[in-house]
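Enquirer: Quick one: the structure is below, questions incoming.
The values are calculated or read from the model by the stated rules, or taken from the named source; none is laboratory data. Just so it is clear, the structure is predicted and the values come from calculations on it, not from any experiment. Cβ sites come from the backbone with ideal geometry, for glycine too, and all protein chains shown count toward neighbours. With ligands, DNA and RNA removed, areas are computed over all heavy atoms of the protein, side chains included. Shrake-Rupley method; radii C 1.70, N 1.55, O 1.52, S 1.80 Å.
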Amino acid sequence: MIIVGLTGGIASGKTTVCNFLKNRKFLVHDSDVVVKKMYSTPNKNFLNYIKKIGLKKSIKGKKINKPKIRESIFKNKKQRKLLEKYIHKEVKESRDRFLKNKKKSKIVFLDIPLLFEKKLEKICDIIILVYCPAKIRIRRAMQRRGMTKKVLLSIVNSQINDKIKKKKSDFIINTNCSKSKSFKRTKNIIEFILSNYA
């Protein structure tokens, strides 16, 4: 089984590439989907943990106000680390289950936004970077609900520089073009991997 790590900075177009792969019936473990589910349908353990680390104000009933959490944790480094630790543990468990259940597959994709930051290169055979210039990523990200310039810059600054990511990656998909061109590049990369690594 070939394990392909898919990574990229905020608003790089990674979700679009992931959806392209899913639509073509490739097996993708999507970290963002796991995290979204944690927030949209939080279980008791997660709600209790959020309260425990001082983010009680972001909970109303059984609903979590994610923009409020985002704003708080980028002001409070300790809170951010504690929250990230919990979330990364949950994502890892989900990813491990996914890999265990897909052992007989020819190729699988792991969408890991912080692949390099969390030193997860070792679990991948090949790494694809979804890249887009920072200026465009910032413009795209600012269109997201609840996003502020201050929080966005904190996120960008907490991630490894694109130059380093490029050097560490085996393939790069530049999304600063039409979707059809990005999809064609993705398709060519997969064909190359299956021809040369399988």
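Enquirer: Do we have Gly5 as modelled with pLDDT of 95 or more, of a type outside the set (Val, Ile, Thr), under 20 Å from Val130 (Cα atoms) and buried (at least 16 other Cβ atoms within 10 Å of the Cβ) here?
Expert: yes
Enquirer: Do you know which of the residues in the range 71-86 that are over 14 Å from Gly146 (Cβ atoms) and among the hydrophobic types (A, V, I, L, M, F, W, C) is surrounded by the most Cβ atoms within 10 Å (Cβ to Cβ)?
Expert: Within the range 71-86, the first condition is being over 14 Å from Gly146 (Cβ atoms), and the residues that meet it are 75-86.
With the extra rule that they be among the hydrophobic types (A, V, I, L, M, F, W, C), the set shrinks to 82-83.
Numbers: Leu82: 18, Leu83: 20.
If we take residues in the range 71-86 being over 14 Å from Gly146 (Cβ atoms) and among the hydrophobic types (A, V, I, L, M, F, W, C), then Leu83 is surrounded by the most Cβ atoms within 10 Å (Cβ to Cβ).
Enquirer: Applying the selection to the range 164-183, what residues are under 14 Å from Asn19 (Cα atoms) and free of Cβ contacts under 8 Å to residues at least 24 places away in the same chain?
Expert: Hit for the range 164-183 is Ser180, nothing else.
Enquirer: List, please: which pairs have Cβ atoms under 7 Å, are six or more places apart or on different chains, and start with a residue in the range 1-12 that is free of Cβ contacts under 8 Å to residues at least 12 places away in the same chain and end with one that is of a type in the set (Lys, Arg) and surrounded by fewer than 23 Cβ atoms within 10 Å (Cβ to Cβ)?
Expert: As it stands, the answer is none, since no pair meets every condition given.
Enquirer: While we're on this one: Hey, does the range 78-95 have a residue that's of a type in the set (D, E, K, R), more than 30 Å from Thr16 (Cα to Cα) and either in contact with a Phe, Trp or Tyr (Cβ under 8 Å, 6 or more places away or on another chain) or not in a helix (DSSP H, G or I) (or both)?
Expert: No, that holds for no residue.
Enquirer: In the range 135-147, how many residues are touching a helix residue (DSSP H, G or I) at 6+ places or on another chain (Cβ under 7 Å) and surrounded by 14 or more Cβ atoms within 10 Å (Cβ to Cβ)?
Expert: Number satisfying all stated conditions: 3.
Enquirer: Starting from residues that are crowded, with 17+ Cβ neighbours inside 10 Å and within 19 Å of the chain's Cα centre (by Cα), keep the ones in the range 43-70 and report whichever is farthest from Gly146 (Cα to Cα).
Expert: Ile69
Enquirer: Take the range 18-46 and flag every residue that is part of a helix (DSSP H, G or I) and of a type in the set (Lys, Arg).
Expert: Lys22, Lys36, Lys37, Lys44
Enquirer: While we're looking at this one, here's another question. Run Ile128 past the list (1) closer than 23 Å to Arg70 by Cβ; (2) surrounded by 15 or more Cβ atoms within 10 Å (Cβ to Cβ) and report the number of the one that doesn't hold.
Expert: Result: Ile128 passes all but (1).
Enquirer: Across the range 152-170, what is the total count of residues that are open to solvent by less than 30 Å² (accessible area, probe 1.4 Å) and over 17 Å from the mean Cα position of the chain (by Cα)?
Expert: 0
Enquirer: Identify, from the list Lys119, Lys149, the residue that is more than 19 Å from the chain's Cα centre (by Cα) and charged (D, E, K, R).
Expert: After applying the criteria, what remains is Lys149.
Enquirer: Here is a follow-up. Determine whether the range 87-106 contains at least one residue that is loosely packed, with under 14 Cβ neighbours inside 10 Å, touching a Leu at 6+ places or on another chain (Cβ under 8 Å) and among the basic types (Lys, Arg).
Expert: Yes, that holds for at least one residue.
Enquirer: Also, quick follow-up: Among the residues of the range 66-73, is any in a helix (DSSP H, G or I), touching a Gly at 6+ places or on another chain (Cβ under 6 Å) and either of a type in the set (Gly, Ala, Ser) or in contact (Cβ under 8 Å) with a residue 12 or more places away in the chain (or both)?
Expert: Taking every residue of the range 66-73 in turn, at least one turns out to be in a helix (DSSP H, G or I), touching a Gly at 6+ places or on another chain (Cβ under 6 Å) and either of a type in the set (Gly, Ala, Ser) or in contact (Cβ under 8 Å) with a residue 12 or more places away in the chain (or both).
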